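The values are calculated or read from the model by the stated rules, or taken from the named source; none is laboratory data. These numbers were taken from a predicted model, which means no experiment stands behind them. Here the Cβ is made from the backbone with ideal geometry for all residues, glycine too, and neighbour counts use every protein chain on show. Surface areas here come from the heavy atoms of the whole protein model, side chains and all, with no ligands, DNA or RNA. Shrake-Rupley method; radii C 1.70, N 1.55, O 1.52, S 1.80 Å.
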Amino acid sequence: MGMDGLVMHPKTRKELAYVVALGGKDYRDSVLKDARSSLIVFAGSDPDLRQAVTDGKVEQATRRVNGNDLYMFDIASDKRRYLSTIGKKGDTIFALVVTAPSKAFQQDYAALKHIQDTFQLL
């Protein structure tokens, strides 16, 4: 499993946003039963995210957009901070991950949060 799309800040290259998609009934039936565990599945493409989910502080919220439940996470670790949204459309599970170094995150919070808040499954 790898990243299906990646964008980064053109100057610093430290603020990132990427999407991972997992398809098939195996994922459809199991991944979203426990949304926090879903983070571990998607963290396979980002070892720092996996470490942050395991050892960091994780806050979770749910919202409904266009008839789809989206599970939203704020994950804080010493190294990086992450905003992630996971949702299902058909037989595919999508995860958006937005991240920046912990020290720079607050400075860019409004822009990073906007990316997370505008994510939707069409």
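Given a Förster distance of 30 angstrom, what is the FRET efficiency for Asp78 paired with Thr118, based on the Cβ-Cβ distance and rounded to 0.05?
Working: r = 28 Å, r/R0 = 0.94.
Once the sixth-power term is evaluated, E becomes 0.60.
For Asp69, what charge total do you get from the other residues with a beta carbon under 11 Å from its beta carbon, if Lys and Arg give +1 and Asp and Glu give -1? That works out to +4.
Length gain on complete extension for the stretch Ala104 to Thr92, per 0.36 nm per residue less the alpha carbon to alpha carbon distance? Please report the intermediate quantities before stating the final value.
Details: separation 12, 0.36 × 12 = 4.32 nm, distance 3.26 nm.
Gain on stretching Ala104 to Thr92: 1.1 nm.
Taking amide H as placed 1.01 Å from N in the peptide plane, Arg81 has its amide H under 5 Å from the amide H of Ala100, Ser102, each at least 5 places away in sequence or on another chain. Packing here is the average count of other Cβ atoms within 10 Å per residue, and on that basis the peptides 105-116, 66-77, 87-98, highest first, run 87-98, 66-77, 105-116. When Glu15, Glu59 are compared by accessible surface with a 1.4 Å probe, the order from highest to lowest is Glu59, Glu15. The Cβ shell under 14 Å around Arg13 holds other residues with a net charge of +1, Lys and Arg each +1, Asp and Glu each -1. Computed on the range 41-122, with alpha-carbon pairs under 8 angstrom and 6+ residues apart, the relative contact order is 22 percent. Here the Karplus curve 6.51 cos²θ - 1.76 cosθ + 1.60, taken at θ = phi - 60°, turns the phi angles of the range 94-111 into couplings of 10, 10, 9, 10, 10, 8, 8, x, 3, 5, 9, 4, 4, 4, 9, 3, 4, 5 Hz, with x standing for Gly and Pro.
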